[in-house]
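Starting off with a structure, shown below.
The values are calculated or read from the model by the stated rules, or taken from the named source; none is laboratory data. Note that this is a predicted model, so its numbers are computed, not measured. Glycine gets a Cβ as well: all are built from the backbone with ideal geometry, and neighbour counts include every protein chain shown.
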Ligand code: ATP
């Protein structure tokens, strides 16, 4: 479905992705593990066409995405929930969600999506008229994911969805990601919380300073001693 082919990315003169290959099949949850600065966020930004590759390609169902403007990538069915949430604090929950539907003009179906989102995130339904800036951190993260879903994506890119959340909320977010996937949305997940990510994912890639050094089923990665040592805090 989604393929990164020999993807190189530079910031100025400095290359930070050195020819990575990633394949995402329909219906999968694929996680990208890696230390700080490995290039995980850059990988997601490149899929969204917010960052352009210096070489290689991002292909969605055989068509190149990297030549399109970011809004056109959203139109093709790829939504990006960036690290740090980036919601609009001075707008209400409902207004933030409406913005997520900017590529759509099918009003009746937008209402259906909204109903589905309020089912997935009941707390957002309760707070639909509240200013987003006054939501708790966990609620803001839910809003960021919900806003991404408003474009009705086939692929959802999630950058550190559990960052800064209390353990109980992390559980809720991961369960919600599972539910979103069960409804048919393919997911690419970047997470510091490697153990939780691998428990959720079908497959994973390990990125080390701009190179994929390992790729396996999530179970295979969980059982891999090198992965355990580097990313799972020992055995
Ligand atoms: P983290 O988990 O800390 O966010 P990451 O794996 O997502 O790390 P990236 O944010 O993709 O890593 O960064 C990869 C490398 O690119 C890092 O060395 C970073 O300093 C550099 N980098 C990221 N964004 C920029 C930018 N806008 N300009 C220049 N260098 C950048």
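Looking at (1) surrounded by fewer than 20 Cβ atoms within 10 Å (Cβ to Cβ); (2) closer than 25 Å to residue 164 by Cβ; (3) in contact with a helix residue (DSSP H, G or I) (Cβ under 9 Å, 6 or more places away or on another chain), which is the one condition that is false for residue 68?
Exception for residue 68: condition (2).
Based on what the data block shows, is residue 17 assigned by TED's automatic domain parsing to the domain that holds residue 207 and under 22 Å from residue 148 (Cα atoms)?
No.
Go through region 138-162 residue by residue and tally those that are touching a helix residue (DSSP H, G or I) at 6+ places or on another chain (Cβ under 8 Å) and assigned to a helix (DSSP H, G or I).
11
Quick test of your reading of the structure: residue 85 fulfils all but one of (1) at pLDDT 95 or above; (2) surrounded by 14 or more Cβ atoms within 10 Å (Cβ to Cβ). Name the failing condition by number.
That leaves (1) as the condition not met.
Which condition number in (1) at pLDDT below 95; (2) over 20 Å from residue 9 (Cα atoms); (3) surrounded by 18 or more Cβ atoms within 10 Å (Cβ to Cβ) is the one that residue 30 fails?
Among (1) at pLDDT below 95; (2) over 20 Å from residue 9 (Cα atoms); (3) surrounded by 18 or more Cβ atoms within 10 Å (Cβ to Cβ), the lone unmet condition for residue 30 is (1).
Is at least one residue of region 79-92 more than 26 Å from residue 212 (Cα to Cα), away from the ligand (no atom under 13 Å from the Cβ) and outside any loop (DSSP other than H, G, I, E, B)?
yes
Being more than 16 Å from the chain's Cα centre (by Cα) and either within 12 Å of the ligand (Cβ to nearest atom) or without any contact (Cβ under 8 Å) to a residue 12 or more places away in the chain (or both) is the requirement here; does residue 62 meet it?
Yes; evaluated as a whole, the condition is true for this residue.
With the condition kept exactly as written, say whether any residue in region 34-43 is at positive phi, modelled with pLDDT under 90 and within 15 Å of the ligand (Cβ to nearest atom).
No, every residue in region 34-43 fails to be at positive phi, modelled with pLDDT under 90 and within 15 Å of the ligand (Cβ to nearest atom).
Restricted to region 181-216, and to residues that are crowded, with 23+ Cβ neighbours inside 10 Å and assigned to a helix (DSSP H, G or I), which residue is farthest from the ligand (Cβ to nearest atom)?
For region 181-216, the residue satisfying everything is 198.
Can you name the residue in region 49-63 that is part of a strand (DSSP E or B) and out of contact with any helix residue (DSSP H, G or I) (no Cβ under 7 Å at 6 or more places or on another chain) and, of all such residues, is farthest from residue 188 (Cα to Cα)?
Step by step, filter region 49-63, then rank; the result is 55.
Take residue 203 and tell me if it is in the same structural domain as residue 111 (by TED's automatic domain parsing) and either on the phi > 0 side of the Ramachandran plot or in contact (Cβ under 8 Å) with a residue 60 or more places away in the chain (or both).
Considered against the rule, which asks whether it is in the same structural domain as residue 111 (by TED's automatic domain parsing) and either on the phi > 0 side of the Ramachandran plot or in contact (Cβ under 8 Å) with a residue 60 or more places away in the chain (or both), residue 203 comes out as no.
Something else about it: Can you tell me which residue among 46, 31 is within 28 Å of residue 217 (Cβ to Cβ) and not in a strand (DSSP E or B)?
Matching residue, one of 46, 31: 46.
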